[in-house]
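The values are calculated or read from the model by the stated rules, or taken from the named source; none is laboratory data. Being a predicted model, the structure only gives us computed values, none of them experimental. Here the Cβ is made from the backbone with ideal geometry for all residues, glycine too, and neighbour counts use every protein chain on show. SASA here: full protein model, heavy atoms, side chains in, ligands and nucleic acids out. Shrake-Rupley method; radii C 1.70, N 1.55, O 1.52, S 1.80 Å.
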Amino acid sequence: DSHIQYERVGADVTMKCGSMDWDAAVTWTANGTDIDESHLNGSYLILKNVDLSQSGQYSCYEGSSWHLKYQTNLRVGTPPKEPVLMCRSNNYPKGFYCSWHLPTPTYIPNTFNISVVHGTKDMVCEKDAVPKNRCHIRYIQLFSTVKYKVTLTVTNALGKNFTTLTFDEFAIVKPDPPESVVAKPVPNNPRRLEVSWQNPSSWPEPESFPLKFFLRYRPLILDQWQHVELSDGTSHTITDAYAGKEYIIQVAAKDNDIGTWSDWSVAVHATPWTEEPKHLTTEAQITETTSASTSSFMAPPTTKICDKGAVVGS
Amino acid sequence: MAAPDSPSTALRRRDLCSRGIRLAGKMRADVVDLLDTYVEQQGLDASASVAAVEGVPLAAVERWDEQTGTQRLLENLAAYRAFRALLAQMLEEQREQLGEADAGLGRALAAVLLQVSAFAYHLEELLRLESRGVPSEEEDGPPPLPRLSLFEQKLRGLGVLRELAQWAVRSARDLRQLAKPSPATGTGPGLAESP
């Protein structure tokens, strides 16, 4: 009768060889390897202070006939600690999602159960196929002063734990970062950079639920950011850039009335327009430079999209 | 179906809506500040759950996005008229309890009451703009408020300010809906149609 046996790390485990007597001659194997007699007490297998490495298939055979008398899958693990739960609305006013994880692994399967209550109403939390530890709740009511209560319970063979979050509708509104951030030099303006971006695509109704933005920028050579808050529109011209210095620029978003700021967008780099250097040249070079300079007059944007940059609040 | 707007009406509505949005934003900021002061000075627990208090208009609404413009304005107007009466009652009770002991809270309450009254008038203007009948005060006026114990008065005050803070956000959203140009004509939709 092969089955799964769960034991806590550090436990002492005794296995009987099925219905065999204590004094019967038997052989025990772990994952097909014979186990040393020192672990036996008669026909019982004794495992002291088990650890994760001792998880595996244990089999017991009758001494002479080698009949398999007992088999089990030993799974060594831990009971779940209090799960970490986070709820957030990045698509207000459509709904919000909750996601969770365990602070430490348990090494054995866990099941999660989430309940969402708004006042006295139970709400459905539709689980995502992937990632598994997330589900979505649709707002039925808006502008409610009644708090939401989310309780997440985690259970495994060795124990159970839970955590609860209580929050107001507005408190968890946090948009995703702005997208498609672009920064360009402004021809003939050595101290300007033109920055544009788009509302996060996950924000469903920017017209009715407008976002405001926070722009931060600094030359790479300095650590101090400069900030500007913009209550509408999705572009801004930096007018105080240091001439010729490469800049790093990021944008964050927030609902105009409620909630908290998004993380910072992906960082973009740009360098303000610079004058083409003038040379003392011969007749030939002048004609050559004249034809070249009309094409180089529009300095190509030096925008480079970088990997994810610094994050708001970190 | 109401005929779509004339450009001048649409422009006038857009102006009234954007001023109303700013007023709602200011009102909310002041109410949130007042709420903090009120909780502290009345010795209440900021996280206390306050059951729906009789006579206090709830901002919570289902299928908000399906409301017509008229519904939005009428519900807003009814709510702010009720808040006007509730805040006036709070102010009176507050003076009875504390006299001049806490003039600061009284002044803050009076300032919010002023804004609520101004906002109610603003909503009436919007309704008049749409040649919509503005409900008379009796028709729309809040029921007389029951006399409560001191603690019940404090809890009701907490409920009033919390709901008013939510209403201020809802009103800004409602006015943004109203200000949206109609896709067809590019001018404001007739109120009955605007979701």
Subject >> Of residues in the stretch B:38-60 being more than 12 Å from chain A (Cβ to nearest Cβ) and open to solvent by 50 Å² or more (accessible area, probe 1.4 Å), the one nearest to A:Thr166 (Cα to Cα) >> reply: B:Asp45
Original post:
Is the stretch A:180-194 home to any residue that is under 30 Å from B:Asp65 (Cα atoms), surrounded by fewer than 19 Cβ atoms within 10 Å (Cβ to Cβ) and touching a strand residue (DSSP E or B) at 6+ places or on another chain (Cβ under 7 Å)?
Top reply: yes
**OP:** Determine whether the stretch B:67-76 contains at least one residue that is under 19 Å from the mean Cα position of the chain (by Cα), of a type in the set (D, E, K, R) and open to solvent by less than 40 Å² (accessible area, probe 1.4 Å).
**Re:** yes
**OP:** For the stretch A:217-238, state whether one or more residues are closer than 30 Å to A:Pro83 by Cβ and open to solvent by less than 50 Å² (accessible area, probe 1.4 Å).
**Re:** no
Original post:
Is it true that some residue in the stretch A:99-117 is within 14 Å of chain B (Cβ to nearest Cβ) and at pLDDT below 95?
Top reply: no
**OP:** Considering only the stretch A:133-190, state which residues are basic (Lys, Arg) and either within 11 Å of another protein chain (Cβ to nearest Cβ) or in a strand (DSSP E or B) (or both).
**Re:** A:Arg134, A:Arg138, A:Lys147, A:Lys149, A:Lys160, A:Lys184
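Just to check your reading of the model, which residue among B:Ala111, B:Ala88 is in contact (Cβ under 8 Å) with a residue 60 or more places away in the chain, more than 12 Å from the chain's Cα centre (by Cα) and either closer than 19 Å to B:Arg176 by Cα or open to solvent by 30 Å² or more (accessible area, probe 1.4 Å) (or both)? Step through it out loud before you land on a result.
Values: B:Ala88 fails: in contact (Cβ under 8 Å) with a residue 60 or more places away in the chain.
The unique qualifying residue is B:Ala111.
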Original post:
Quick check: is even one residue across the stretch B:94-116 more than 14 Å from every other protein chain (Cβ to nearest Cβ) and in contact with a Phe, Trp or Tyr (Cβ under 6 Å, 6 or more places away or on another chain)?
Top reply: yes
Original post:
Could you give every pair whose Cβ atoms fall below 7 Å, whose first residue belongs to the stretch B:164-179 and is more than 8 Å from chain A (Cβ to nearest Cβ) and over 13 Å from B:Trp64 (Cα atoms), and whose second residue is open to solvent by 10 Å² or more (accessible area, probe 1.4 Å) and among the hydroxyl-bearing types (Ser, Thr, Tyr), counting only separations of at least 6 or pairs across chains?
Top reply: B:Ala179/B:Ser18
